[in-house]
Amino acid sequence: MNDNPFSNNVSERKRIRLLHTSDLHVGTDIYPDEAIQGFEAMLGLSRSAGPDAVLIAGDLFDHHRVPDRTIDHVLTGLADLGLPVVILPGNHDTVLKDIIDASDLPANISLITRPEGESITLDQLGLTVWGRPVFDHVPSFRPLEGMPSQPSDSWFVAMAHGLFMEEVDPIRSSPITPDDVAGATCDYLALGHVHVFRDVSRNGVPAYYSGAPSGNQARTVAIVDLDPASGVSVTPLQVP
Ligand SMILES: [Mn+2]
């Protein structure tokens, strides 16, 4: 609680809506046409569902052999949304980590690049987005490690690409534990890596996998409403 009557930090927050997606795997050899259709469907939902920003929580691309024309197609589609787009590289995103130059991206696209984690501030929305890219998909990599404390004057959303496990399996990579989620300082934790919509919230920290918009399981994105009065609510949207 902030009892200072001259501080309006928290009250400056406004109601915003995010579209949270992950695991599009554009360029996959297993379901190439469907992956690009899933991407296009996500763009369509980003137009129809009225989000203020789009968050991509890893594995936008599948591998480093994705053709340049496909990369251009994806970046043009995201640019044409005309909304802020924040992208966290996942374990498959060698295109984002090794090929794309973050400084050459369209102005509305922010790519998180710093291995130790990085915050993107969207002043117009009163939103800060933090994430730590997956450079080494190994058991010792902890996707939530280094999350900074909550900025006092904005919504704070963290993105993480990894595997939520009730108990850590020492051979599984990029683990996320219940304690990691419970101790997170963010208003919402946007997860990727698991391809199914899933609520893994702990200790009042809303934490969800969005599900993937393509592939052989239920195809979804997540709509996340952040409301200063009613809090955070998350709704899966079926991908047509
Ligand atoms: Mn992944």
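Readers should treat all values here as calculations from the given coordinates under stated rules, not as data from a laboratory. Quick caveat: nothing in here was measured; it's all calculated off a predicted structure. Ideal geometry is used to build each Cβ from the backbone, glycine not excepted, and the neighbour counts take in all protein chains shown.
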Which one, Gln37, Ser140, Pro51, projects farthest toward the positive side of the charge dipole computed for the chain from Cβ point charges (K/R +1, D/E -1)? Pro51
Name the most mobile residue of Met165, Met42, Met147, meaning the one with the largest mean-square fluctuation, in a Gaussian network model of the chain with Cα contacts below 10 Å. Met165
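In debye, nearest 20: dipole of region 95-218 around its Cα centre with unit charges on the Cβ of K, R (+) and D, E (-)?
Working: 7 positive and 16 negative charges, 43 e Å.
Using Cβ point charges on Lys, Arg, Asp and Glu, region 95-218 gives about 200 debye.
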What is the sum of charges, Lys and Arg at +1 and Asp and Glu at -1, for the other residues whose Cβ falls under 12 Å from the Cβ of Pro151? -3
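Rounded, prolate or oblate: which one fits region 155-240, using the alpha carbon gyration tensor with axes a ≥ b ≥ c (rounded when a/c is under 1.5, else prolate when a/b beats b/c, else oblate)? Intermediate values should be presented prior to the final figure.
Values: a/c = 2.37, a/b = 1.05, b/c = 2.26.
Since a/c reaches 1.5 but b/c is at least a/b, the shape of region 155-240 is classed as oblate.
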List every residue whose amide H lies under 5 Å from the amide H of Thr28, counting only residues 5 or more places away in sequence or on a different chain, with H placed 1.01 Å from N in the peptide plane. Asp62
Specify which residue in the list Val221, Pro170, Gly90 is farthest towards the positive end of the charge dipole of the chain, using unit charges on the beta carbon of Lys, Arg (+1) and Asp, Glu (-1), about the Cα centre. Val221
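What's the magnitude of the charge dipole for the chain around its Cα centre, counting Lys and Arg as +1 and Asp and Glu as -1 at the beta-carbon? Answer in Debye, nearest 20.
Working: 15 positive and 32 negative charges, 79 e Å.
Charge dipole, the chain, about its Cα centre: 380 debye, nearest 20.
Normalised radius of gyration for region 16-238, please: alpha carbon Rg relative to 2.2 N^0.38 Å, two decimal places.
Details: Rg = 15.8 Å, N = 223, 2.2 N^0.38 = 17.2 Å.
Expressed relative to 2.2 N^0.38 Å, the Cα Rg reads 0.92.
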Report ³J(HN,Hα) in whole Hz for each residue of region 63-71, in order, from the Karplus equation J = 6.51 cos²θ - 1.76 cosθ + 1.60 where θ = phi - 60°; Gly and Pro get x. 6, 7, 8, 4, x, 4, 5, 6, 4
Among beta bridges assigned by DSSP with both residues in the chain, the antiparallel ones amount in percent, to the nearest 5, to 45 percent
For region 16-238, with +1 on Lys and Arg beta carbons and -1 on Asp and Glu, the positive-most of Leu127, Gly231, Gly117 along the dipole: Gly231
Gaussian network model of the chain, Cα within-10 Å springs - most flexible of Asp225, Asp153, Asp62: Asp153
Enumerate the calculated ³J(HN,Hα) couplings along region 176-183 in order (Karplus 6.51 cos²θ - 1.76 cosθ + 1.60, θ = phi - 60°), each rounded to whole Hz, writing x wherever the residue is Gly or Pro. 10, 9, x, 5, 4, 5, 4, x
Sum up the charges of everything whose Cβ sits under 11 Å from the Cβ of Ala212, counting Lys and Arg as +1 and Asp and Glu as -1, but leave Ala212 out. -2
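DSSP loop GluC sites (Glu not before Pro) in region 100-157 with at most 15 other Cβ atoms within 10 Å of their Cβ, which ones?
Values: sites: Glu116, Glu118, Glu145; in loops: Glu116, Glu145.
Here the sparse-neighbourhood loop sites are Glu116, Glu145.
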Ellipticity estimate at 222 nm from DSSP helix runs (n ≥ 4, -39,500 (n - 2.57)) divided over the chain, nearest 500: -4500 deg cm²/dmol
Just check region 93-186 against the gyration tensor rule for me: Cα atoms, a ≥ b ≥ c as the square roots of the eigenvalues, rounded for a/c under 1.5, and otherwise prolate or oblate depending on whether a/b exceeds b/c. oblate
For a quick check: with amide H placed at 1.01 Å from N, whose amide H comes under 5 Å from Ile176's, ignoring anything fewer than 5 positions away on the same chain? Leu163, Phe164, Met165
Using a Gaussian network model of the chain with C-alpha springs under 10 Å, which one of Pro206, Pro84, Pro139 is most mobile by mean-square fluctuation? Pro139
